[in-house]
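The values are calculated or read from the model by the stated rules, or taken from the named source; none is laboratory data. Note that the structure is predicted; figures quoted are calculated from it, not measured. Cβ: placed from backbone, ideal geometry, glycine included. Neighbour counts: every protein chain shown. When the accessible area is computed, the model is the full protein with side chains, heavy atoms only, and any ligands, DNA or RNA have been set aside. Shrake-Rupley method; radii C 1.70, N 1.55, O 1.52, S 1.80 Å.
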Amino acid sequence: MRWQFKALRWAIRGFLAVALLMGLFVGVQYLRALRSVPTMSAQVQDETLRAPARLSRDGYGLAYISAQSEEDALFALGFAHAQDRLWQMDLVRRAATGRMSEVFGSPTLGYDVFMRHWQFEQHVQASWEAMSAGDQARLRAYANGVNAYISGPAYKRSPEHMWLMVDIEPWRVFDSLLVAKMLWPNLSTNLFEEFTRAQLKATVGPAFAADFIRPYPAEGHVAMAWPDLARSLGLPEQDIPKTGTPLDLNLSPARENSNNWVVAGARAASGKPMLANDPHLGLTMPGFWYLAHLSWGDDMAAGGTIPGMPAIVIGHNSHVSWGTTNSHDSDVQDVYREQLRPGRPTQYRTEQGWADFDVRDETIKVRFGKNVVRRYRSTRHGPVLEQGALPIDIPQADGHVYALAWTALQQPDLTLSAIMGLSRARSVEDVQAAADDFAGPPQNVVYAHKDGDIGLVVVGKVPIRAEGHQTKGAAPSDGWVAANQWQGMIPKALTPHVKNPQSGALVTANARVVPPQYPYFRSADASDPSRQSRIAELIEARPRHDLSSFAQVQLDTTAPVIAKLLQALLQAQPADEEAAQALATLRGWDGDWGAEGPAPVLFAQWASLLTQALLWDELGPLAPTFTRVHLRRLADILDGPLSSWCDDVRTLETKEACSLILTESLSASVAALKEQYGSLDALSWRDIQTDAHGHLGLGPIPVVGKWLSRQTNRIAGPDAPNVAGLRADSLPMAAGGGFGPSMRFLVDMAEPRSAQFSISSGQSGHFASAHYDDLQAGWADGSYVTFDPIRASTTEIIEFTPSGID
């Protein structure tokens, strides 16, 4: 036995020695990372600068840049972005070109295979060649600023690059175009919706599928009134029938994308136009946005920038302010089913005969593994979507493949030029000129001018689909049918835009923007109008607005659709006293996610279990795709139109009624919450609704990812202006939201310098910086910050001078 104890002692010593060495290694790496926090004071000389410039930051880390020319201001912005967000910038450009596996190895190979479909590198080079000389100079200046940091004495290697032992490559002008190009896959989702519709039809049958896809509500808000739009487009206002194709509600289980609105001076306490915007995007560490104030000569621009792009994307200058939301009723992707030639699979069918695939091989470098060579095919429509390369199952079709037509893959793409143009806009005509260059993804751009004009323009190229198109882009169509081919793009002259509407207000929130009388079909669906309707209701509720009332709208947590669902839920027959008490709690609730007490938590739990009980039996293997709690769909099922969905198809001998499902799910909801929390009385929705801010790149890694990531609690909820997600499989522990208002922006054009902002993280991407997450608590609580150049530091300053000037 003595030898066994001796062996055990040596094993323990060995384990302790390994643990000690690992602890020392981690400690050394941590100390190295602490020393890599960028120094905010430096003297930088560069031969590309025209004149001296300066970069300073305030106590929030907000960046203030002053220069004599726009190019020099963008040079300083590139330097600031690189100092604070270089890891993020590097990650995004790698993601755009399918080069993630060079850093992370095989775990990201699937993503790289997917991204190589699009050949973004080649597309941005073509876009560069089509840009004006002035815009090329702006991109060069920005790239010079990034590289001045990377190659200069102020450079500090980011912790992520250090830990992963990855060298940083110089920033190219093409890289900024790649960052802009990544907006397309993030904001274009119709590809997945088309396959989801096809899978839904195959799984539950055409009748159930048609029921499941709910129509756009007749009472749903439409952003543009027809008389306003007709007047703007020069079309007759009267005797125009409603010819538009009826819209369906967006099928995507993905996040919603943003609110914005604008009111005329007559609707503002100051007498000048006002504008608000809060883009809803994935919440990450660091966050999507970086706040900067640029001034050059007599010009200035301030607002939200995207690291890697030389532009104020959402913000204001001295003359005009602007904000954007994703245009969900503008479909720019069509999936085509391509028929292979029998006996010759190198060809596919067209209406004129058989055509050869374009074929190319891509070599993907895989760290710690063998390089992977992947073959890609393309048709006249676009890239063939190869099996196993998409984050969704492609329906099997013998003798066929699927190809994607997408406006993102058409050259050239001058979207970044359009975004840069907004910063220099002095007039409404300047805004419209910038909008004309915007290729996509389609956005609803609202603007407010200091002289009183307000407006909305839907920017981005949208294809014309023929009247005889098989699916109108709602589902895959046959690629060899002439009627399914795009007929060019909707002409610029008929781009939907409204200036100075009669109502004095314009509101968008991804729901319907263009009225049915509009002469072109744009999309088969749009997002649920609940947010858009609620915002319009709040805007109309006050004769005059100010920044405080605008903030109340952004932070509002009431969803009108809840009232409809509650009507059905309150018909439940409680099985016991606890269920009866829960029902009484809900009966006294007004549908506000911010209400005190357990009602919002109970409602969310009940809606989640109803989603599982009512939908997942029919959906079968598709159930994981439909975890989002869709309140309007639940209301339609329980309110009568879709009551057949109450039957559990897995119990053939029994036909369940909706009343039984309501009773059982209510009791199950109470039991689940009691088991988790003990008592319903102490429950608060704010404590349950959790936003996960995963670290970009290292978030999935155990221990390190949790350390670098953040979680916040916020009063928000599905279908409310202050939106948050709700997954049917997330409660009772937490709502588990991973998206929300990534930035909030409010401006009164009576005093643009007092514009208010809020971002979901901090300015810095360095975990040890004081500005890594210092703005996060205020964002969750609904507070804002403002730019004040006087508040900028007088000690921590980056001074830029042309080479040769002391």
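Taking the stretch 363-434, which chymotrypsin sites (Phe, Trp or Tyr not before Pro) meet the DSSP loop condition and have no more than 15 other C-beta atoms within 10 Å?
On the way: sites: Phe368, Tyr376, Tyr402, Trp406; in loops: Phe368.
Answer in residue order: Phe368.
Looking only at GluC sites (Glu not before Pro) in DSSP loops with at most 13 other Cβ atoms within 10 Å, what is the longest site-free stretch of the chain? Can you show the working numbers first?
Numbers: sites that count: Glu47, Glu219, Glu237, Glu351, Glu467, Glu596, Glu653.
Within the chain, the longest run free of exposed GluC sites (Glu not before Pro) spans 48-218.
Quick one, can you get me the convex hull of the C-alpha atoms of the stretch 405-461 expressed as volume per residue in Å³?
That works out to 61 Å³ per residue.
Using 23 Å as the Cα-Cα cut-off, could you pick out the over-long pairs in Lys450/Lys499; Lys461/Lys499; Lys201/Lys564; Lys674/Lys706; Lys272/Lys499; Lys201/Lys472?
On the way: Lys450/Lys499 14 Å; Lys461/Lys499 20 Å; Lys201/Lys564 27 Å; Lys674/Lys706 28 Å; Lys272/Lys499 15 Å; Lys201/Lys472 16 Å.
From the list (Lys450/Lys499; Lys461/Lys499; Lys201/Lys564; Lys674/Lys706; Lys272/Lys499; Lys201/Lys472), the Cα-Cα distance tops 23 Å for Lys201/Lys564; Lys674/Lys706.
Summing -39500 (n - 2.57) over the DSSP H runs of n ≥ 4 in the chain and dividing by its residue number, what mean residue ellipticity at 222 nm do you reach, to the nearest 500 deg cm²/dmol?
-10500 deg cm²/dmol
Taking 0.36 nm per residue of separation and subtracting the Cα-Cα distance, what length does fully extending Ala218 through Gln122 add? Write out the running numbers ahead of the final one.
On the way: separation 96, 0.36 × 96 = 34.56 nm, distance 4.42 nm.
In short, 30.1 nm is gained.
Can you compute the charge dipole magnitude of the stretch 666-806 about its Cα centre, using +1 on each Lys and Arg Cβ and -1 on each Asp and Glu Cβ, nothing else charged? Give it in debye, rounded to the nearest 20.
400
If you roll a 1.4 angstrom probe over the protein chains with everything in place, what fraction of the accessible area of the chain belongs to carbon and sulfur, to the nearest %?
54
Quick one: accessible area per residue over the stretch 735-796, 1.4 Å probe, rounded to a whole number of Å²?
Heavy-atom SASA per residue in the stretch 735-796 reads 34 Å².
What percentage of all Cα-Cα pairs in the chain are separated by more than 53 Å?
Of all Cα-Cα pairs in the chain, 13 percent lie more than 53 Å apart.
Return a whole-number percent for the relative contact order of the stretch 583-664, with Cα pairs under 8 Å and 6 or more residues apart as the contact set. Working shown, then result.
Numbers: 60 pairs, mean separation 19.1, N = 82.
Relative contact order comes out at 23 percent.
Specify which residue in the list Ala582, Met131, Ala269 is farthest towards the positive end of the charge dipole of the chain, using unit charges on the beta carbon of Lys, Arg (+1) and Asp, Glu (-1), about the Cα centre.
Met131
How big is the dipole moment of the chain about its Cα centre under a simple scheme where the beta carbon of each Lys and Arg is +1, that of each Asp and Glu is -1, and everything else is neutral? Debye, nearest 20, please. Can you show the working numbers first?
On the way: 70 positive and 86 negative charges, 440 e Å.
The dipole magnitude comes to about 2120 debye.
Mind jotting down the distance between the C-alpha centroids of the stretch 115-192 and the stretch 749-806, whole Å?
23
Just to confirm, what accessible area per residue do you get for the stretch 293-351 at 1.4 Å probe, in whole Å²? Please list the in-between numbers first.
Working: 1540 Å² over 59 residues.
Accessible surface, normalised per residue, equals 26 Å².
Hey, what did the chain get for relative contact order, percent, Cα under 8 Å, at least 6 apart? Can you show the working numbers first?
Details: 1710 pairs, mean separation 155.1, N = 806.
Relative contact order of the chain: 19 percent.
Using a Debye calculation, one point per C-alpha and no hydration shell, please list log10 I(q)/I(0) for the stretch 392-544 at q = 0.08 Å⁻¹ in order.
-0.31
What dipole magnitude, in Debye to the nearest 20, does the stretch 264-360 give about its Cα centre under +1 on Lys/Arg Cβ and -1 on Asp/Glu Cβ?
Magnitude of the dipole: close to 160 debye.
Can you give the accessible area of Met274 in Å² (nearest 10), computed on protein heavy atoms with a 1.4 Å probe?
Met274 has an accessible surface of roughly 0 Å² with all protein chains in place.
Just the number please: accessible area per residue for the stretch 455-563, 1.4 Å probe, all protein chains included, in Å².
Normalised by residue count, the accessible surface of the stretch 455-563 is 32 Å².
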